[in-house]
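Asker: Shown below is the structure under consideration.
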Amino acid sequence: MAAALAPGVSRKLKKVLETRTDNPDLLASLGALSTFYVQNTPQARRNLKSSIEQRALAINRHFLDASLPAHKALDRVEGEVHALNDSWKKIEEALNSCSASTGDIISTTERLQQELEVITQRQEIVSCFLRDYQLSNEEINALREEEIDDKFFKALLHVQEIHSNCKVLLRTHHQRAGLELMDMMSVYQEGAYERLCRWVQAECKKLGDTDNPEVSELLKMAVCCLKERPVLFKYCAEEVANMRHHALFRRFISALTRGGPGGFPRPIEVHAHDPLRYVGEMLGWLHQALASERELIVVLLDPDAMTDSGPTFRRQSGRDGDSSKGEPDVTSVLDRIFEGACRPFKVRVEQVLQSQPSLIVSFKLSNTLEFYCYTISELLGEDTALCNTIWSLRDAAQQTFFNILKSRGEKLLRYPPLVAVDLSPPPAVCEQAAEAQKSKGSLARRGRTSSDPSGNSRDSISVDAILSKNLSTSILSAESSSKVYLINCLSAIQEPLMGQEVATSYVNNLRSMIEAHICVLVDKEVDCILRKCGLSNKMPYIKEYGSKADARPLADIIETSPQMLMECLKAFYGIVTGTEGSLPEFEQLQVPRLRSDACNGLARALAESYELIYSAVMDPNNSYPDPRSLVKHSPEQIRTILEA
């Protein structure tokens, strides 16, 4: 059957059989076919193709009907596009015709824009120039007409900056402009400084009206600014010095005569009867016033007293050389202020010295004046009127001290005191030793000594002068008496000065003198005892017996024969043991320690002398037949007896 089919039919059949029934396109086609192919008849199958074509035709016709409005709209759009194209061509033609006429305008605009930029730059340059080289109207008014305030100092600082900037112009090709601007700024500057100087002088006059004025920050700034003009600054400093000079003089006189407000503190002259307190309170007042005045002047005239908040003024170097040359310093101003107090202070101290104070009072006045002179010179300076006045008064007080001491010494030398029966020091020596002690005590409390050009302490010289009179008196009195009296006098001088550092050297000298006199006293007593025993004329033979090789034996010499030596040693034993008299105990020495030292020295000297005799007797070369019968005691026994 398959063979009988035509080749074309067989291919179609094969294609149909190979078609997949689950293909989505096939399913969709069958679904669409089922909508209009409802009967499966032969007629319907024969007309299927025509039915499909009719169906496609109907769909196309329906599509054409539906797309007709869109086609009409597209036609309208096309018409409008053609109209726009025509308008654009007309505009293009109009622009082409205008481009030729607007080209000049554009080039002109660009040129003007460039000129505007150049003018703007020049305007900025001019503004900077005016700021750096010109003053504004407000600044000119502040310098010339308005009150002195912060605006004035800011304007003056601007003038100074402009003046400095003009120096830059002088190094360029604008020298003429720089010179003209400098001249203009100099006029403003000099006028401002003169006006500022008058204002400062007026303000400084107000400082003299009160005792403790307050310096405003504006005045500090003004004075610091005037440092640029040394001459004007000097005028202001002199004004301050004069005002404070008169104010201090009035305050000092008021403190002397009227006292403080309401009478407290009391007037200083109330204590005129007490020289030390009177002079001390005047010096204390001056020292306190100096501290407050120095603080005021330093705050006012010292440029470092400026606050950091205000403008800072630079010194213009190269104008007048060193601008600080000729400026008054704090010391010169303070010296001028305290000149007024020198005369009333000097007159009153001289009155005290003329009232013939005691020796100790005059000495303490000298020390007080010297102490305050050192103290004040640290604040005021050495070569000043007040310090020179105090130094001269110190010299006068010291001269008064020496005059009193001289007159007293001359009196003692003319009329030396009589030696007491108990050989005690005279009252004059005790009194002057007490005065020396008071003088040393005042030095220790004061804690300061001064030196003369040779390096010696002036205070030690003064006290030594007192003690020198003691020694002179003691020596004159001791010439007709014993060494005991002189030792008692020296001890009376030494005792009050023991333990005081400032008198160490003098105490050492006194100790050496006392020891020397005790040695002389002991030697004298030893010689007296040996002479009493008969041994004094025999000691030279005994001391020299071993110095010569060919010397005769002591037993062959008459002075040292056994018989004579036995009697002398018997008397010596009697004195040592106390059976034939007692050894001197130096009861008239008033210091127990010295009395003990003298007794011990006497015992040692006697023991040493006996030891020499014992050695000589026991020496076989001296040919004593029975040495033990002569020296019955050994040196150790004699030393023990003497120490007991």
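Here, each number is a calculation from the coordinates, and none is a lab measurement. Since the model is a prediction, treat every value here as computed from it, not as a measurement. Here Cβ is always computed from backbone atoms with ideal geometry, including for glycine, and neighbour counts include all displayed protein chains.
Asker: Step through the residues of the range 585-599 one at a time and calculate ³J(HN,Hα) from phi using the Karplus curve (6.51 cos²θ - 1.76 cosθ + 1.60, θ = phi - 60°), rounding each to whole Hz and writing x for Gly and Pro.
Answerer: 10, 6, 4, 7, 6, 7, 9, x, 4, 5, 4, 5, 4, 5, 5
Asker: Can you give the local net charge around Leu256? Use residues other than it whose beta-carbon is closer than 9 angstrom to its beta-carbon, Lys and Arg +1, Asp and Glu -1.
Answerer: So the environment of Leu256 carries a net charge of +1.
Asker: Under the Karplus relation 6.51 cos²θ - 1.76 cosθ + 1.60, θ = phi - 60°, what is the ordered set of whole-Hz ³J(HN,Hα) values for the range 621-637, x standing for Gly and Pro?
Answerer: Rounded to whole hertz, the list is 5, 8, 6, 7, x, 9, x, 5, 6, 8, 9, 7, 10, 6, x, 5, 5.
Asker: As a footprinting exposure proxy, order Val591, Val526 by other Cβ within 10 Å, with the fewest listed first.
Answerer: With the sparsest Cβ surroundings first, the list reads Val591, Val526.
Asker: If you plug each phi of the range 56-68 into the Karplus form 6.51 cos²θ - 1.76 cosθ + 1.60 with θ = phi - 60°, what whole-Hz ³J(HN,Hα) values come out, in order, with x for Gly and Pro?
Answerer: Result, ordered by residue: 5, 5, 4, 5, 5, 5, 4, 5, 4, 5, 6, 8, 5 Hz.
Asker: Sum up the charges of everything whose Cβ sits under 9 Å from the Cβ of Thr389, counting Lys and Arg as +1 and Asp and Glu as -1, but leave Thr389 out.
Answerer: +2
Asker: Report the extension gain between Arg198 and Leu112 in nm, rounded to one decimal, defined as 0.36 nm multiplied by the number of residues separating them, less their alpha carbon distance.
Answerer: 25.4 nm
Asker: Relative to the compact globular guide of 2.2 N^0.38 Å, what is the alpha carbon radius of gyration of the range 328-374, as a ratio?
Answerer: Rg over 2.2 N^0.38 Å, computed on Cα atoms: 1.46.
Asker: Treating only the Cβ of Lys, Arg, Asp and Glu as charged (+1, +1, -1, -1), what charge dipole size does the range 534-643 show about its Cα centre? Round to the nearest 20 debye.
Answerer: Roughly 80 debye, rounded to the nearest 20.
Asker: Arranged by the count of other C-beta atoms within 10 angstrom, fewest first, what order do His62, His287 take?
Answerer: His62, His287
Asker: Right, another one. Fewest first, what order do Cys204, Cys519 take by the number of other Cβ atoms within 10 Å?
Answerer: Lowest count first: Cys519, Cys204.
Asker: Given just the C-alpha atoms of the range 519-639, how large is their convex hull per residue in cubic angstrom?
Answerer: 103 Å³
Asker: Report the relative contact order of the range 534-643, percent, no decimals, based on alpha-carbon pairs under 8 angstrom and at least 6 residues apart.
Answerer: 30 percent
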